[in-house]
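The values are calculated or read from the model by the stated rules, or taken from the named source; none is laboratory data. Computed from a predicted model, the values in this text were never measured in an experiment. Methodologically, a virtual Cβ is constructed for each residue, glycine included, from the backbone with ideal geometry; neighbour enumeration extends over all protein chains shown. Each accessible area value is taken on the protein alone, full model and side chains, heavy atoms only, with ligands, DNA and RNA left out. Shrake-Rupley method; radii C 1.70, N 1.55, O 1.52, S 1.80 Å.
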Protein chains: 2
Amino acid sequence: MKSVLDQIRPDNDQANTCPIRDVLDRIGDQWSLLVLATLDPGVKRFSQLEREIGDISKQMLSKTLRRLEQDGFVAREVHAEVPPRVEYRLTALGRSFLEPMRGLIRWAEANQAAIVAARRRA
Amino acid sequence: MKSVLDQIRPDNDQANTCPIRDVLDRIGDQWSLLVLATLDPGVKRFSQLEREIGDISKQMLSKTLRRLEQDGFVAREVHAEVPPRVEYRLTALGRSFLEPMRGLIRWAEANQAAIVAARRRA
DNA sequence: GCGATCTGGTCTATGTTCGAGACCGACTAC
DNA sequence: GTAGTCGGTCTCGAACATAGACCAGATCGC
């Protein structure tokens, strides 16, 4: 009778690290998912990500990329040229993460109208 | 050749409201998902949610619940008694949202070890 | 030479958000 | 009268995000 969602609750983590809270605290911020999605088609440079995302600040892009790299979602490759060239790409882990995300995205597309309607009613 | 994930990018929204960004900005915060998950088994009262989640402040619980109610994920029912009794329950929309979430949660469970390992390596 | 330009960032000042915890009304139990 | 219950709200300081200036180091036009 235990729901998968039970796993999300804090009393379920022996070592003070509930997997879902851990993962979602890093992914669920304003930008991480957006960066991952933008990186989905292939390798991109810093300024390319900046342009494509549009409304992210350099600082947040930098910070987000560094954390995603730390966590093994993206790989960073520096080319020692002038001007410098830095490339970012998804790792296998990053790509595998986007799989379940697509389900959520489909849900969002299908149900946004309902949410907007509820918002208007309220 | 268009990825579903393309939908996430800002240049895809005519009316400045990309469905996925819209939905995830509200759901992807620290607490919303946690509240929804806690509400999954059934009706709960305010202080019950507070106790079960544990590390949420009253303010954030209140704010999160109000936004989830606004967006049509949860329903709020006040019983005019003393002391007051307020019950929260998932709506059909809220329940349907948890479906795709389960995929993400399974991914988190399966891959957290890899993330922790990457973090240690970095 | 002299400046403008390119890149991938960092630094700083300002604004927004968050958690802790005090406080509240209305009523009950002692 | 004093304390406790419940579902919140208010205030305060701390943490965090944002915009935008700034940087090095090399190359380009003139």
If you line up the Cα atoms of chain A on their principal axes, what length do they span on each, largest first, in Å? 59, 42, 24
Considering only B:75, B:110, B:37, give the residue with the highest GNM mean-square fluctuation for chain B, with springs between Cα atoms whenever their separation is below 10 Å. B:110
So, for the range B:32-71, what is the accessible surface per residue at a probe of 1.4 Å, expressed in square angstrom? 46
Short version: ³J(HN,Hα) in whole Hz for each residue of the range B:93-98, in order, from phi by Karplus 6.51 cos²θ - 1.76 cosθ + 1.60 (θ = phi - 60°), x for Gly and Pro, what are they? 4, x, 5, 5, 5, 5
Choice from B:67, B:89, B:51 showing the highest fluctuation, given a GNM over chain B with Cα pairs closer than 10 Å: B:51
Quick one: accessible surface of residue B:40, probe radius 1.4 Å, all protein chains present, in square angstrom to the nearest 10. 40
Calculated diffusion of the range B:42-109, Stokes-Einstein form, Kirkwood radius summed over Cα pairs, 37 °C and 0.692 mPa s, µm²/s: 249
Report the net charge of residues surrounding residue B:57, where surrounding means a beta-carbon distance below 11 angstrom and charges are Lys +1, Arg +1, Asp -1, Glu -1. 0
To one decimal in nm, how far is residue B:41 from the same spot in the other copies, if labels go 7 Å from Cα toward Cβ? Please give the shortest first. 4.7
Would you tell me the accessible area of residue A:18, worked out with a 1.4 angstrom probe on the heavy atoms of the protein chains, in Å² to the nearest 10? 10
For the range B:18-26, 3J(HN,Hα) per residue [Karplus equation, 6.51 cos²θ - 1.76 cosθ + 1.60, θ = phi - 60°, Hz, x = Gly/Pro]: 6, x, 5, 5, 4, 5, 6, 5, 8
Amide H contacts of residue A:85 (H built 1.01 Å from N, under 5 Å, at least 5 apart or other chain): A:79
Calculated on alpha-carbon atoms, Rg and Dmax of the protein assembly as shown in Å: 19.3, 72
At a 1.4 Å probe radius, carbon and sulfur cover how many percent of the accessible area of the protein assembly as shown? 51
Could you work out [θ]222 nm for the protein assembly as shown from helices alone, using -39500 (n - 2.57) per DSSP H run of at least four and dividing by all its residues? Round to the nearest 500 deg cm²/dmol. -18000 deg cm²/dmol
Along Cα→Cβ at 7 Å, what distances in nm separate the residue B:79 label point from those on the other copies, shortest first? 6.8
Per-residue HN-Hα couplings for the range B:60-77, Karplus 6.51 cos²θ - 1.76 cosθ + 1.60 at θ = phi - 60°, whole Hz, x for Gly and Pro? 5, 4, 4, 5, 4, 4, 5, 6, 5, 5, 3, 7, x, 8, 10, 10, 10, 9
